[in-house]
Amino acid sequence: MKPVSVTVRVPAKVNVQLAVGAARPDGFHDLANVFLAVGLHDEVTVTPADALRVTCSGPDADQVPLDRTNLAARAALALAERYGRDPAVHLHIAKDIPVAGGMAGGSADGAAALLACDTLWGTGASRAELLDICAELGSDVPFSLVGGAALGTGRGEKLTPLEVGGTFHWVFALADGGLSTPAVFREFDRLAEESGREIPEPMPSDPLLAALAKGDPHALAATVSNDLQPAALSLRPSLAATLAAGREAGALTALVSGSGPTTAFLAPDAPSATKIAEALTGVCRTVRTTTAPAPGATVV
Ligand code: C5P
């Protein structure tokens, strides 16, 4: 019997390395992007309906577009088109990942909707075909499907899975209002031009990959980097105080998550994470404590 509805749980991500190259002719940037899936999740439920419809619940639901610009809707349409299905479904997003926060929340919903519709429709699509559709939807969408940890090259969509040898404890400080990813990349370009410095080709950091493989938070803290951080701080200077507050409270390292404005703090262990979270309460809108790695999009 065909399922009447399918729910998929999908994680957020933090980039422990985000090396950004010069703008390409197509406007994208080549990346060496080390994704780590973390335990903040959205859930997307797909149910047959009269027409394609998106709804959203959660604290930030009012900031989520419910039209066909939503990546969940675009995923359903892309899959329906490729496999000759009727995209008449209701997609409900139970949103816990910050919106426009630099944690791939929109991409997560795209990957989750794709897997949910694929399961509902029984298309028989291979993993490679699903990953292809993910890459068409956006640079971060393939990673939301696979989870764990992976190196993303090209514009971030070409993935190589990475080994992770332990559990990392993270604290995330959610900011008021989001940052637009294209705006942060534009600011990156502007700052690069202003500095007049040559932008090196983005390369993954071997010590960082070794730290991940070992599961060593101290070594990971010593090697994290985010080339978008100066651009995010330039557009949102108040993030500097949040980063400083987390460092003072014992974070091994503090960085902007992806294009921001969420900030990420790596803790040596769970009690330290709790302490950092307590210190950040009041400094930012909301604080969340979680662990990594987390599995990718999964039918629940
Ligand atoms: O791939 P996605 O649609 O998620 O990217 C959103 C925007 O982020 C792009 O339109 C582009 O401005 C910027 N971007 C970029 N280089 C990348 C990924 C994204 O410039 N590798």
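The values are calculated or read from the model by the stated rules, or taken from the named source; none is laboratory data. Small disclaimer: the values here were computed from a predicted structure and weren't measured. Positions of Cβ are backbone-derived with ideal geometry, glycine not excepted, and every protein chain shown enters the neighbour counts. SASA here: full protein model, heavy atoms, side chains in, ligands and nucleic acids out. Shrake-Rupley method; radii C 1.70, N 1.55, O 1.52, S 1.80 Å.
Numbers below:
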| quantity | calculated |
| --- | --- |
| Residue match in region 94-102 (condition: of a type in the set (Lys, Arg) and not in a helix (DSSP H, G or I)) | yes |
| Any hit, region 285-300, residues being over 18 Å from the mean Cα position of the chain (by Cα), modelled with pLDDT under 95 and assigned to a loop (DSSP other than H, G, I, E, B) | yes |
| Within region 130-156, tally of residues that are free of Cβ contacts under 8 Å to residues at least 60 places away in the same chain and more than 17 Å from Phe35 (Cα to Cα) | 4 |
| Pick from region 1-23, criterion open to solvent by 30 Å² or more (accessible area, probe 1.4 Å) and within 16 Å of the ligand (Cβ to nearest atom), ranking: nearest to Asp216 (Cα to Cα) | Ala22 |
| Residues of region 70-129 classified as among the acidic types (Asp, Glu) and closer than 24 Å to Phe35 by Cβ, total | 4 |
| Complete set of residues in region 69-93 that are outside any helix (DSSP H, G or I), within 25 Å of Pro261 (Cα to Cα) and touching a residue at least 12 places away in the same chain (Cβ under 8 Å) | Asn70, Ile93 |
| Candidates Asp50, Asp26 - the one that is part of a loop (DSSP other than H, G, I, E, B), within 12 Å of the ligand (Cβ to nearest atom) and either open to solvent by less than 10 Å² (accessible area, probe 1.4 Å) or on the phi < 0 side of the Ramachandran plot (or both) | Asp26 |
| Yes/no for Leu235 being more than 28 Å from Pro268 (Cα to Cα), in contact (Cβ under 8 Å) with a residue 24 or more places away in the chain, open to solvent by 40 Å² or more (accessible area, probe 1.4 Å) and within 16 Å of the ligand (Cβ to nearest atom) | yes |
| Test for Ala72: is it aliphatic (A, V, I, L, M), away from the ligand (no atom under 16 Å from the Cβ) and closer than 26 Å to Ala175 by Cβ | no |
| Odd one out for Gly110 among (1) within 30 Å of Pro217 (Cβ to Cβ); (2) buried (at least 20 other Cβ atoms within 10 Å of the Cβ) | (1) |
| 3 or more residues away from the ligand (no atom under 14 Å from the Cβ) and surrounded by 14 or more Cβ atoms within 10 Å (Cβ to Cβ): qualifying strands (runs of 3 or more DSSP E) within region 127-219 | 168-174 |
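Rundown of residues vs (1) in contact (Cβ under 8 Å) with a residue 24 or more places away in the chain; (2) under 18 Å from Thr289 (Cα atoms); (3) in a strand (DSSP E or B), yes/no style:
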{"site": "Val4", "(1), (2), (3)": "yes, no, no"}
{"site": "Thr7", "(1), (2), (3)": "yes, no, yes"}
{"site": "Val10", "(1), (2), (3)": "yes, yes, yes"}
{"site": "Val16", "(1), (2), (3)": "yes, yes, yes"}
{"site": "Val20", "(1), (2), (3)": "yes, no, yes"}
{"site": "Val34", "(1), (2), (3)": "yes, no, yes"}
{"site": "Leu40", "(1), (2), (3)": "yes, yes, yes"}
{"site": "Val46", "(1), (2), (3)": "yes, no, yes"}
